[in-house]
Amino acid sequence: MKIKSLFLISLLSVFFSCEKRPIEEYSILPAPQSIGEYQQGVYKLGKNVTIAYNGDLKNEADFLQSKLNQKFSLESNIKADAQKGNIVLKIDDSKNSDKEGAYKLQVTSKGVEISSGNSAGIFYGIESALQIIKNENGKFYVQKGVIDDYPAFEWRAFMLDEGRYFKGMDVVKQLLDDMSSLKMNIFHWHLTDDQGWRIQIDKYPLLTEVGSKRDSTQIGNWSSSKYDGTPHAGFYTKDQVREILKYAEQRHITVVPEIEMPGHSSAAIAAYPWLGSGKNQITVPCRFGVSEDVYDISKPEVVNFLYDVIDEVAELFPSKVFHIGGDEVMYQHWLSSPTIMKYMKSNNINDPAALQVNFTNNVSNKLSKIGKRMMGWNEITGDKIHDYQKSKSIAESNQELSKDAIVHFWRFEQNLMEKSAKNGYDIVNSNNNYTYIDYSYEGIPLSKAYSFSPIPENFPEELKSKIIGSGCQMWGEWIPNVDAMNEKVYPRIAAYAECGWTNSTNKDYDNFKVRLQPIVDQWVSEGKKVGPID
Ligand code: ACM
């Protein structure tokens with residue numbers, strides 16, 4: 001009787017261990033384009049995981065190994081040129097024509113396989129896999145199923161403005177980590193502005209000796225007359241930049257440098273006064289807001305200075321795209337400068353906005369000669385988007401922007417975006433009313449951030465392909481420290497990531513919030529301040 005009941009119990013336990021678990025739906029953010037049929041059951045990962053890879057995927061295998069350890073305390077070994085393992089990373093040459101970043105992730109009773117035509121796809125497959133590995137009392141398993149995924153947009157950017165406040169290498173690395181787990185692929189690094197120059201340039205040492213420091217900083221808000229009374233300083237050496245670039249490259253993130261010209265250039269003019277078109281010597285501004293000091297682009301030595309800076313920055317950054325800013329150029333100094341007036345006349349330039357286009361085209365030519373492509377905020381088109389331009393200007397700009405330029409829309413006007421697309425420009429949509437992370441949560445709550453579509457409603461079908469993606473922008477004026485920054489960035493960065501990766505037809509805000517929760521928990525456990533979820 002006793003033996004019989006023991007037998008029954010063991011039979012029952014065998015039965016229950018084979019019992020069908022309920023299928024656990026994958027929780028992945030950004031949402032994959034397609035999750036195929038789930039299969040009954042799970043794949044169990046043992047204590048020591050074998051990662052197998054073919055081709056040139058050592059970087060991805062190493063990344064997976066370190067993440068398995070960091071996130072789950074799982075040990076793993078890596079086998080190169082191998083077909084078999086618990087997690088297989090497979091470059092599939094038959095998928096050469098895949099979109100950059102597309103991947104297939106299959107979980108079967110044989111293991112987890114991630115395949116793609118390119119290493120970016122393998123990397124994103126890994127990021128998805130890391131989100132679906134589950135821990136049950138120290139045992140790790142993955143629900144069986146198939147994911148077919150690819151990015152909706154090729155440009156999925158996060159911008160950090162360090163011109164206003166220098167944050168430093170650790171903060172940048174933390175952001176790169178979070179970007180990569182959200183499959184964002186462009187770190188747009190705003191390195192110079194009126195209030196600070198943040199990158200070493202060997203030929204012009206005063207840019208950092210003078211331009212990276214200010215005596216005090218305005219605090220509160222734009223109209224405040226309060227200052228903190230504390231000097232602020234900081235810049236990246238070239239070696240530090242290289243370290244960050246390597247870190248980003250390992251995470252399939254391209255770092256796009258932004259060097260502002262011809263406006264937002266007070267820090268450089270404070271360092272080298274001959275760069276400016278104003279009459280007075282200035283210091284690095286302690287007050288925020290746009291300065292009237294701009295480069296005197298009619299002087300050959302100023303243009304040569306800018307080309308020298310471009311050469312040094314371009315040599316450092318592998319990115320093909322080079323951002324030249326170009327926003328909010330104030331005209332007062334130009335309009336009162338005899339050399340500027342003479343230059344405009346002799347080059348048949350009718351207006352300051354046209355002068356900016358003329359200058360921008362010269363910079364674009366310079367960049368294409370060294371194998372780079374210029375990008376700038378949407379003022380570079382010569383279209384007048386500010387009241388101060390409209391009141392001062394008498395005519396449409398008579399200069400046409402170089403066709404190779406990427407136009408970065410921040411002040412959104414649909415007719416101007418359509419016009420740029422019609423004129424053949426590639427466009428990145430960073431509509432400030434949706435994507436400016438420095439804006440308050442009252443202005444841009446998470447739900448509004450999530451509702452952003454890089455392609456505006458009713459955009460002409462035939463022009464949609466000109467919009468290559470979007471960016472979200474962490475402007476730095478009122479974020480003196482990391483907590484203040486984090487509270488703005490998290491959780492909205494996740495919404496922007498999904499806007500860039502996931503086709504709009506696959507977006508669902510309620511479902512997004514469910515998938516967001518474990519990520520928020522992770523951020524909180526890392527000590528990050530997280531803003532409200534509405
Ligand atoms: C900008 O916000 N001035 C691009």
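For residue 314, only one of the following conditions fails: (1) at pLDDT 95 or above; (2) within 21 Å of residue 381 (Cβ to Cβ); (3) more than 16 Å from the ligand (Cβ to nearest atom). What is its number?
(2)
Residues in the range 370-382: is at least one in contact (Cβ under 8 Å) with a residue 24 or more places away in the chain, crowded, with 20+ Cβ neighbours inside 10 Å and more than 22 Å from residue 189 (Cβ to Cβ)?
The answer is yes; a qualifying residue exists.
Taking the range 25-38 on its own, how many of its residues are surrounded by 10 or more Cβ atoms within 10 Å (Cβ to Cβ) and at pLDDT below 95?
Adding up the residues that qualify gives 1.
Report the residue count in the range 69-94 for those that are touching a Phe, Trp or Tyr at 6+ places or on another chain (Cβ under 9 Å) and either part of a helix (DSSP H, G or I) or without any contact (Cβ under 8 Å) to a residue 24 or more places away in the chain (or both).
Residues flagged as touching a Phe, Trp or Tyr at 6+ places or on another chain (Cβ under 9 Å) and either part of a helix (DSSP H, G or I) or without any contact (Cβ under 8 Å) to a residue 24 or more places away in the chain (or both) within the range 69-94 amount to 1.
Which of the residues spanning the range 326-344 are within 16 Å of the ligand (Cβ to nearest atom), in contact with a strand residue (DSSP E or B) (Cβ under 8 Å, 6 or more places away or on another chain) and not charged (D, E, K, R)?
The one that is within 16 Å of the ligand (Cβ to nearest atom), in contact with a strand residue (DSSP E or B) (Cβ under 8 Å, 6 or more places away or on another chain) and not charged (D, E, K, R): 326.
Name the single residue, out of those in the range 377-388 being under 24 Å from residue 461 (Cα atoms) and in a helix (DSSP H, G or I), that is farthest from the ligand (Cβ to nearest atom).
381
Only one residue in 397, 391 is modelled with pLDDT under 95, assigned to a helix (DSSP H, G or I) and either more than 16 Å from the ligand (Cβ to nearest atom) or basic (Lys, Arg) (or both), so which one is that?
Criteria check complete, one pass: 391.
Tally the residues that are surrounded by fewer than 21 Cβ atoms within 10 Å (Cβ to Cβ), part of a loop (DSSP other than H, G, I, E, B) and among the basic types (Lys, Arg), restricting the search to the range 112-165.
1
What about residue 413, is it away from the ligand (no atom under 16 Å from the Cβ) and open to solvent by 40 Å² or more (accessible area, probe 1.4 Å)?
In short, no.
Tally the residues that are on the phi > 0 side of the Ramachandran plot and over 25 Å from the mean Cα position of the chain (by Cα), restricting the search to the range 253-274.
0
Step by step: first the residues of the range 431-446, then only those that are part of a helix (DSSP H, G or I) and open to solvent by less than 10 Å² (accessible area, probe 1.4 Å), then the one that is nearest to residue 468 (Cα to Cα). Which residue is that?
435
Just name the residue that is nearest to residue 429 (Cα to Cα) out of those in the range 454-487 that are within 16 Å of the ligand (Cβ to nearest atom) and of a type outside the set (A, V, I, L, M, F, W, C).
Among those residues, the one meeting the criterion is 470.
Just to check your reading of the model, which residue among 363, 428, 357 is outside any loop (DSSP other than H, G, I, E, B), away from the ligand (no atom under 16 Å from the Cβ), hydrophobic (A, V, I, L, M, F, W, C) and touching a residue at least 60 places away in the same chain (Cβ under 8 Å)?
363
Please verify whether the range 451-459 includes one or more residues that are open to solvent by 10 Å² or more (accessible area, probe 1.4 Å), among the hydroxyl-bearing types (Ser, Thr, Tyr) and more than 18 Å from residue 408 (Cβ to Cβ).
Checked against the condition, which is being open to solvent by 10 Å² or more (accessible area, probe 1.4 Å), among the hydroxyl-bearing types (Ser, Thr, Tyr) and more than 18 Å from residue 408 (Cβ to Cβ), the range 451-459 yields at least one hit.
Six or more apart or on different chains, Cβ under 7 Å: which pairs go from a residue in the range 294-320 that's closer than 18 Å to residue 266 by Cβ to one that's charged (D, E, K, R) and at pLDDT 95 or above? Could you list them?
Between residues of the range 294-320 that are closer than 18 Å to residue 266 by Cβ and residues that are charged (D, E, K, R) and at pLDDT 95 or above, the close pairs are 302/296.
Quick grid of which residues meet (1) surrounded by fewer than 16 Cβ atoms within 10 Å (Cβ to Cβ); (2) at pLDDT 95 or above; (3) outside any strand (DSSP E or B):
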site	(1), (2), (3)
229	yes, yes, yes
239	yes, yes, yes
248	no, yes, yes
255	no, yes, no
264	no, yes, yes
284	no, yes, yes
293	no, yes, yes
303	no, yes, yes
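Assuming residue 280 fulfils every condition listed in (1) farther than 22 Å from residue 376 by Cβ; (2) within 16 Å of the ligand (Cβ to nearest atom) apart from one, which condition is it?
(2)
Can you find a residue that is more than 23 Å from the chain's Cα centre (by Cα), free of Cβ contacts under 8 Å to residues at least 60 places away in the same chain and away from the ligand (no atom under 16 Å from the Cβ) anywhere in the range 158-173?
Checked against the condition, which is being more than 23 Å from the chain's Cα centre (by Cα), free of Cβ contacts under 8 Å to residues at least 60 places away in the same chain and away from the ligand (no atom under 16 Å from the Cβ), the range 158-173 yields no hits at all.
What is the one condition in (1) open to solvent by less than 10 Å² (accessible area, probe 1.4 Å); (2) within 16 Å of the ligand (Cβ to nearest atom); (3) not in a strand (DSSP E or B) that residue 407 does not satisfy?
Unmet condition: (3).
Yes or no: the range 314-327 includes at least one residue that is open to solvent by less than 10 Å² (accessible area, probe 1.4 Å), of a type outside the set (Ser, Thr, Tyr) and assigned to a strand (DSSP E or B).
Within the range 314-327, one or more residues are open to solvent by less than 10 Å² (accessible area, probe 1.4 Å), of a type outside the set (Ser, Thr, Tyr) and assigned to a strand (DSSP E or B).
Looking at the range 201-215, can you tell me whether even one residue there is open to solvent by less than 20 Å² (accessible area, probe 1.4 Å), more than 26 Å from the chain's Cα centre (by Cα) and either free of Cβ contacts under 8 Å to residues at least 24 places away in the same chain or more than 30 Å from residue 426 (Cβ to Cβ) (or both)?
yes
The values are calculated or read from the model by the stated rules, or taken from the named source; none is laboratory data. This structure is a prediction, so every number in the text was calculated from the model and none was measured. With ideal geometry, Cβ positions are generated from the backbone for all residues, glycine too; neighbour counts draw on all protein chains shown. What goes into the accessible areas is simple: the full protein's heavy atoms, side chains included, and nothing from ligands, DNA or RNA. Shrake-Rupley method; radii C 1.70, N 1.55, O 1.52, S 1.80 Å.
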